[in-house]
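Below is one structure, written out as structure tokens; the observations come after it.
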Amino acid sequence: LIERYKNQHNNNDLIELLNNNSKTMSAPAPVQRTAIQLYRDCLRLVRHIAPGNSQKGLAMREMVKGEFGKHVAIKDEAQIEVLKAGAIRALSNYMLYESGSKDKRLGTAMKKFNDDERADIGKKDGKGPKK
């Protein structure tokens with residue numbers, strides 16, 4: 001899964017995305033992966049993160065199974081699309097986080113983005129950035 005992601009995206013695309021000052025988000029487009037494919041992708045990622053039967057791996061597998069199990073009865077297509085988009089966002093966030101820890105330039109861009117976001121939040125609530 002991670003190799004497939006790396007083949008489709010390079011770190012420059014991720015850095016550009018992080019440096020983009022646009023704070024607006026549009027409605028999610030229909031997700032091309034089925035719920036079963038996303039479930040399997042999540043379980044593969046768990047195997048990658050915590051191989052074997054470690055406590056971390058068992059807990060993460062139970063979390064994935066529980067999250068997908070909670071929504072098994074949902075039939076509304078729009079709600080399913082929102083849930084699928086959330087699962088893809090979670091997988092993408094993890095892969096971005098891991099890439100940032102290995103690539104110094106990407107890690108720096110991620111840190112700058114997070115610092116800017118915290119400063120913006122501080123301005124909105126009047127508390128300012130925490131140091």
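What percentage of the solvent-accessible surface of the stretch 57-131, computed with a 1.4 Å probe over protein heavy atoms, is contributed by carbon and sulfur atoms? Taking all protein chains in place, the stretch 57-131 shows 59 percent carbon and sulfur surface.
Only lysines eight or more places from residue 124 in sequence, or on another chain, were considered; those with a Cα closer than 29 Å are 23, 111, 112. Just the accessible area for residue 116, please: 1.4 Å probe, Å², rounded to the nearest 10? Result for residue 116: roughly 70 Å² accessible.
The values are calculated or read from the model by the stated rules, or taken from the named source; none is laboratory data. Owing to the predicted nature of the structure, the values given are computational and were not obtained by experimental measurement. These area figures cover heavy atoms from the full protein model, side chains too; ligands, DNA and RNA do not enter into them. Shrake-Rupley method; radii C 1.70, N 1.55, O 1.52, S 1.80 Å.
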